[in-house]
Protein chains: 4
Amino acid sequence: MNKRNAVPLRRYGTWFRLTRVSDGGNGAVTDTESGSAQPAPQKRADARRNQQRLLDAAAAAFITSGVDAPVRDIATKAGVGVGTIYRHFPTRADLIVAVYRHQVEACAEAGPTLLAESSTPHTALARWIDLFVDFLVTKHGLAEALQSDDAAFENLHAYFLDRLVPVCAQLLDAAATAGEIVRDLDAYELLRGVGNLCIGAGNDSRYDARRLVALLIAGLRLR
Amino acid sequence: MNKRNAVPLRRYGTWFRLTRVSDGGNGAVTDTESGSAQPAPQKRADARRNQQRLLDAAAAAFITSGVDAPVRDIATKAGVGVGTIYRHFPTRADLIVAVYRHQVEACAEAGPTLLAESSTPHTALARWIDLFVDFLVTKHGLAEALQSDDAAFENLHAYFLDRLVPVCAQLLDAAATAGEIVRDLDAYELLRGVGNLCIGAGNDSRYDARRLVALLIAGLRLR
Amino acid sequence: MNKRNAVPLRRYGTWFRLTRVSDGGNGAVTDTESGSAQPAPQKRADARRNQQRLLDAAAAAFITSGVDAPVRDIATKAGVGVGTIYRHFPTRADLIVAVYRHQVEACAEAGPTLLAESSTPHTALARWIDLFVDFLVTKHGLAEALQSDDAAFENLHAYFLDRLVPVCAQLLDAAATAGEIVRDLDAYELLRGVGNLCIGAGNDSRYDARRLVALLIAGLRLR
Amino acid sequence: MNKRNAVPLRRYGTWFRLTRVSDGGNGAVTDTESGSAQPAPQKRADARRNQQRLLDAAAAAFITSGVDAPVRDIATKAGVGVGTIYRHFPTRADLIVAVYRHQVEACAEAGPTLLAESSTPHTALARWIDLFVDFLVTKHGLAEALQSDDAAFENLHAYFLDRLVPVCAQLLDAAATAGEIVRDLDAYELLRGVGNLCIGAGNDSRYDARRLVALLIAGLRLR
DNA sequence: TATGAATGAGTGTTCATTCAT
DNA sequence: GATGAATGAACACTCATTCAT
């Protein structure tokens, strides 16, 4: 996870694009193992294997049935008992976060890179938002979960906001400072709006979330 | 919501009449406007009272728990037995449509009026969309239901689309013809986007759906 | 009802046979109107009309859905409110008895006639049982109700037994006295057995209740 | 029930083996006969205990309320949650078949044995029918279910007919070949009739199904 | 530590029966 | 008397979560 800054931005673009095509095996990794000392005695091998199988199964189930997929379905798909899921991920939010952590991190880290590489801050913002949309649109039910006020999703909200709001704020600020956009909107509100526009996008061929998000971003421009 | 006064009140009269045309016998006609001497076979007073209490309770429950609100909760809130709900509204879609019919009709009818009264078509569009947002923002479960692919909501979709898409299309068309906006977006997609932006708006004080919708409409403008 | 003895037996045979073909409008009549003095001031005409429509509707519903047919279905079919049913027939058993009274009476009265007309008592018994089977086989659910221990059917049991057991006993006794059959079986048990053999006979083309009943009666014969 | 001792007990061993062949994983194998050293993956002890309690409770409930007994009643009687029933027996037919499988198998297997052991085929038939009656008379709901046209019971019908009709046919055929009985009746119809005669036998002290069945079988004899 | 059996609250829906109009 | 609106008990079935093994 620390190595990732070395990966050129375009990688991320590709990554997200690949994601759209064949996501699911997104190699989620928990924070624990990216700790300080790699040679430290890692968890038992079978425990880690289970954790990985669980994440793969959950990712697959989330695609099929949304992030509300029945726990038992995920367990069956992973070839473990339901108890094992609860051991590794006490709440559903924990599981969802673990499944999508990689991609959220990648998205967060793409912000500064895009800002550095793009011709204008507004372009960087638009491209970054595209990344976020590409992510959400392919995760059925995630956008819904992000706006749900179900207490079970609190950790999920917290994680997404912690990681993405500062990045988005930086991009918005840069664009505003450059005089490209209004100062009307804070990062939280923008992300929420973009997230909402992604809801149900996968079910409805007549609805293209990307087009609407692009209009929203265009609407930010000062005239 | 203050803008709604722009829609003449008489519209509401028409409104009820239209309601009766496509009604399934549950038009939730309030006493107020049907006056005293109607030759139509009036329902029993208690039945009509219950019907109204049911609609009120359902509207409240939909806000709290979405349009999936348990039937029993609605019945309890209305102070009636569950059987009474099924008597008045055999399917859930019947109940949802009945709850929102008045406002949908009012919204639909406001379109042409606004177009006639506003300085430009784009202004009319923006004001009409405001009306729609004002409606949706207070009906939290509704926006979610409108994007759900649950078969129970098919009639709901059909009703909303039948009534609102043509109106929105007329407004979009007028604005495009006037050279004010792009032709990028069809009415269905715009309504869907606006509907999505309204999801969860009532639960989150940091999120103002109206502001985001305004940006979206601004984004339609030709530069 | 008192006139009926004047009707020759073969009438009854025809009647039952006709019943099998086109029963349903079986003209059930309550005891009340066959009282002592015809010129007495009868019930209001509409009340009697309702009663008759109810019986016709119930007979039809019993054929379609068995004697468990939903009360509201019967009411709807009769064009009356459910309350009217309960007024006329406080329990389901009352309704069933009223519907079938004519035929039960006819069957009961056929016993002595057959005994007088048949070549032997055993023949009379067999023919009388045939009458009973013909009756039951065409009344879906009735045989089931007759053996049900549901308290709602108590009156039904009582009525059937009161009317038919003595007749059957008379026939059995005559045959036993003539040395044709064993004395193993009392009338109650025989009727119960015959009733049971009729259960479900209408639903199953591979099952002919008449044939089995015939075997049972044959089994009574002394060897 | 005392005659059942005529069926050698070893049969019951065979019985269980047969059970396993066509079993859906719920063969209700008691501990007693599977001994200690079985290589098969044993179920958890509590699960097996529950399964047995469930079968006992279901058998009892079926007697009381018929095979339509409410799932929750059975669960309560067994001291388990309703979910446990659905885990073990996904459909009601599964539960019914499991409850009666042992006895149906025993009955089926008794046919050839009785034929071999009895003095005449007709005697064998009578004794076998007695076995069947002894079985049914104590399962009050069962006889009703066997004639029900409810789709939920289709598998039940199929199972009973598959197992018992061929056995009965063999016995009938032997007796007919021996010139003892008429060829009037096929095995299906006979079993259906016997089953019907058993309906409600347990509730009514004035009604002895065995006596009536004996008369029916006697009626088959050639005179 | 892993398993998956058990739990039971939650939900939609039907229908006999009562009773206000 | 007649009506039919209202009631609510009853039932099947699902699934998140706990905990004995």
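General remarks:
- Think of a 1.4 Å ball rolled over the protein heavy atoms: region D:44-90 then has 53 Å² of accessible area per residue.
- Residues of region C:139-164 buried by at least 50 Å² of accessible area upon assembly of all protein chains, compared with the chain on its own (1.4 Å probe): C:Gln147.
- One Cα centroid belongs to region D:152-203, the other to region C:39-105; the line between them spans 39 Å.
- Accessible surface buried at the D:C interface totals approximately 2700 Å², computed with a 1.4 Å probe on protein heavy atoms.
- Cross-link check: pairs A:Lys77/A:Lys139; C:Lys139/D:Lys77; D:Lys77/D:Lys139; C:Lys139/D:Lys139; C:Lys77/D:Lys139 evaluated at a Cα-Cα cut-off of 28 Å; pairs beyond the cut-off: C:Lys139/D:Lys77; C:Lys77/D:Lys139.
- D:Arg72-B:Ala60 FRET efficiency (beta carbon distance; Förster radius 35 Å; 0.05 resolution): 0.65
- When A:Asp149 is represented by a point 7 angstrom out along its Cα-to-C-beta vector, the spacings to that point in the other copies are 2.8, 5.3, 5.5 nm, nearest first.
- Full-stretch length increase - A:Glu180, A:Arg223 - with 0.36 nm per residue and alpha-carbon distance subtracted: 14.6 nm
- Mean sequence separation of contacting Cα pairs (under 8 Å, at least six apart), scaled by the length of region D:91-223, corresponds to a relative contact order of 32 percent.
- Set against the 2.2 N^0.38 Å expectation for a compact globular protein, region D:160-223 has a Cα radius of gyration ratio of 1.20.
- Take C:Val182, move 7 Å from Cα toward the beta carbon, and the resulting point lies 1.8, 9.5, 9.9 nm from the same point in each other copy, nearest first.
- Accessible carbon and sulfur surface of region D:91-223 relative to its total accessible area, %, 1.4 Å: 50
- For D:Asp162, the distances from its label point to the matching points in the remaining copies are 4.9, 5.0, 5.7 nm, ordered from shortest, with each point set 7 Å beyond Cα toward Cβ.
- Residue of chain B whose Cβ sits closest to the axis mapping B onto D, with distance in whole Å: B:Arg72, 9
- Sum of side-chain charges, A:Leu146 neighbourhood, beta-carbon under 12 Å (Lys, Arg +1; Asp, Glu -1): -3
The values are calculated or read from the model by the stated rules, or taken from the named source; none is laboratory data. All of these numbers come straight from a predicted model, not from anything done at the bench. Counting neighbours? That spans all protein chains shown, and the Cβs are built from the backbone with ideal geometry, glycine included. Surface areas here come from the heavy atoms of the whole protein model, side chains and all, with no ligands, DNA or RNA. Shrake-Rupley method; radii C 1.70, N 1.55, O 1.52, S 1.80 Å.
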